[in-house]
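Visitor: First the structure, which I've put down as structure tokens, then a few questions once you've had a look.
Every number here is computed from the coordinates shown, using simple stated rules; none is lab data. Keep in mind the model is a prediction, meaning the values are calculated, not measured. Here the Cβ positions follow ideal geometry from the backbone for every residue, glycine too, while neighbour counts run over all protein chains shown.
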């Protein structure tokens, strides 16, 4: 009984701030600044209408989703063979390489913001979704390798050897036999790449000219004050992709956070 | 079974090395380059040797004082949130339902804060904690507590700490939940037969199993809180004064705000080295616990 109470208390603590955001998003700015109410007194959809009709706003969502999807595809694509190599073979410098990858997951984005601006301007990708997608690889590729390596190490090596004896070539074995075995791992890794690319702000802001949704949200701050209602509505909408992807991987989330190493 | 040695495996890791090197090594070299030069604008650079580093590591100078103050605040912040999030996360994990439809629902709700874009986390708490329009701020003020995160030192710290607890405790809870689920039911039965108390079940059965996931959790939480930027930036902007200015916030201020490239670059290198060293300690502990597990130790 105590256990259930603690859990409920914690969930209330989690949901209360989100509820407040949703509450604000249905209010007009006059109502927000003049009255204090738990539910909107005169509910309005004006804030949402503004986002869905203004090309800057929905364009921002589209731009952000584009680089997130691109980043997820690139990260998983390059991480799969690498994770296989780490989980199956010893090779010269493997431990050092793995550590080096790990350090890039931990590197502070603030350190890289300015040099990334220079680098991506120099190669002509500034202000494109490719720039952000590639920049996010610095933390997502190591993470994907880490997660996939954990899941792959859980597959017994006898399976590989049997397949080779049966005459499978490496690419055919990898795609036809191995990938289906670690499908949940791929899903979890994709989920994490999606998540970390979606929540990141600093690179997305530095590498584009106010195109990503997170930088467009800063526009609600003007000389006249902050447009709280619009800001809240945009905030609520940024929660939607997250909720959708969580639902798909809900059974694997816990194992994924443990990087496949439970 | 030992892994076979094959240097051809390098071919498989080549794409990863290429893409990460492009993103890590070239920019890092730019930073090193800036850190030994001074500029007076117009793209004119002058050799400055280790001048910036000397200034940075000497707390009596302006830059050094600023750096050490930010570093101190950041370490304090990391330690405080770890001290709250780790025990709370374990507690929540222990309270989670083990089966039934409630499991999926709880998991989704717990994972929710993790999927909120970091600037939106800031926005949520900004709106929730403001003393005029926020539920939390309004309630606290009506209870007679003087709370205003844009003006008070303690209010600002309270806000960013509660915000981080809100944001990331779920990570620890989910990790521990995964660890707890891997404990066979037979362990608990044996404990019941021995008449073990709840406390000793936790100490001798559950905690050892959580060791590994907690290590990953503490690593991720320490690193991410040590490079925290967006959330406090949105909520307090580093203020009031400099009281919530973390290392990353200060770094961005120097680099993109004042465009002091040399100072910012030297700071970046030192900051990165600190992270590298911490990472190495964790990695060594983690891999040694890995190999001891493979050898069949408990």
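Visitor: Only one of (1) in contact with a helix residue (DSSP H, G or I) (Cβ under 6 Å, 6 or more places away or on another chain); (2) at positive phi is not met by residue A:68, so which one is it?
Guide: (2)
Visitor: Could you please tell me which pairs satisfy a Cβ distance under 9 Å, a separation of 6+ or placement on different chains, a first residue in the range A:40-59 that is without any contact (Cβ under 8 Å) to a residue 40 or more places away in the chain, and a second residue that is outside any helix (DSSP H, G or I) and exposed (fewer than 14 other Cβ atoms within 10 Å of the Cβ)?
Guide: A:41/A:35
Visitor: Being touching a residue at least 12 places away in the same chain (Cβ under 8 Å) and in a helix (DSSP H, G or I) is the filter here, so list the residues in the range B:182-202 that pass it.
Guide: Keep residues of the range B:182-202 that are touching a residue at least 12 places away in the same chain (Cβ under 8 Å), which gives B:182-183, B:187-188, B:191, B:201-202.
Of everything in the range B:182-202, those that are touching a residue at least 12 places away in the same chain (Cβ under 8 Å) and in a helix (DSSP H, G or I) turn out to be B:187, B:188, B:191, B:201, B:202.
Visitor: Now, a different point. Suppose we filter B:36, B:103, B:75, B:86 for residues that are surrounded by 13 or more Cβ atoms within 10 Å (Cβ to Cβ), touching a strand residue (DSSP E or B) at 6+ places or on another chain (Cβ under 8 Å) and more than 7 Å from chain A (Cβ to nearest Cβ); which single one remains? Steps first, answer last, please.
Guide: On the way: B:103 fails: touching a strand residue (DSSP E or B) at 6+ places or on another chain (Cβ under 8 Å); B:75 fails: touching a strand residue (DSSP E or B) at 6+ places or on another chain (Cβ under 8 Å); B:86 fails: touching a strand residue (DSSP E or B) at 6+ places or on another chain (Cβ under 8 Å).
The match here is B:36.
Visitor: Right, another one. Inside the range A:220-242, can you point out the residues that are touching a residue at least 60 places away in the same chain (Cβ under 8 Å), over 23 Å from residue B:108 (Cα atoms) and surrounded by fewer than 19 Cβ atoms within 10 Å (Cβ to Cβ)?
Guide: Answer for the range A:220-242, where residues must be touching a residue at least 60 places away in the same chain (Cβ under 8 Å), over 23 Å from residue B:108 (Cα atoms) and surrounded by fewer than 19 Cβ atoms within 10 Å (Cβ to Cβ): just A:227.
Visitor: So residue B:80 fits all but one of (1) more than 9 Å from chain A (Cβ to nearest Cβ); (2) assigned to a helix (DSSP H, G or I); (3) crowded, with 23+ Cβ neighbours inside 10 Å; what number is the exception?
Guide: Unmet for residue B:80, out of (1) more than 9 Å from chain A (Cβ to nearest Cβ); (2) assigned to a helix (DSSP H, G or I); (3) crowded, with 23+ Cβ neighbours inside 10 Å: (3).
Visitor: Now for a separate question. Can you name every residue in the range B:203-243 that is more than 24 Å from residue B:79 (Cβ to Cβ) and touching a residue at least 40 places away in the same chain (Cβ under 8 Å)?
Guide: B:206, B:208
Visitor: Could you check the range B:115-154 and list, in sequence order, the residues that are touching a residue at least 60 places away in the same chain (Cβ under 8 Å) and touching a helix residue (DSSP H, G or I) at 6+ places or on another chain (Cβ under 8 Å)?
Guide: First pass over the range B:115-154, keeping only residues touching a residue at least 60 places away in the same chain (Cβ under 8 Å): B:118-119, B:121-123, B:125-126, B:129, B:149-153.
Listed by number, the residues that qualify are B:118, B:119, B:121, B:122, B:123, B:125, B:126, B:129, B:149, B:150.
Visitor: For the range B:44-58, check the following and say yes or no: at least one residue is part of a helix (DSSP H, G or I), more than 29 Å from the chain's Cα centre (by Cα) and more than 27 Å from residue A:139 (Cβ to Cβ).
Guide: Scanning the range B:44-58 turns up at least one residue that is part of a helix (DSSP H, G or I), more than 29 Å from the chain's Cα centre (by Cα) and more than 27 Å from residue A:139 (Cβ to Cβ).
Visitor: For the range A:84-173, which fully contained helices (runs of 4 or more DSSP H) count at least 1 residues that are at the interface with another protein chain (Cβ under 7 Å from one of its Cβ atoms), free of Cβ contacts under 8 Å to residues at least 60 places away in the same chain and closer than 20 Å to residue A:64 by Cβ?
Guide: Filter on the range A:84-173 gives A:129-153.
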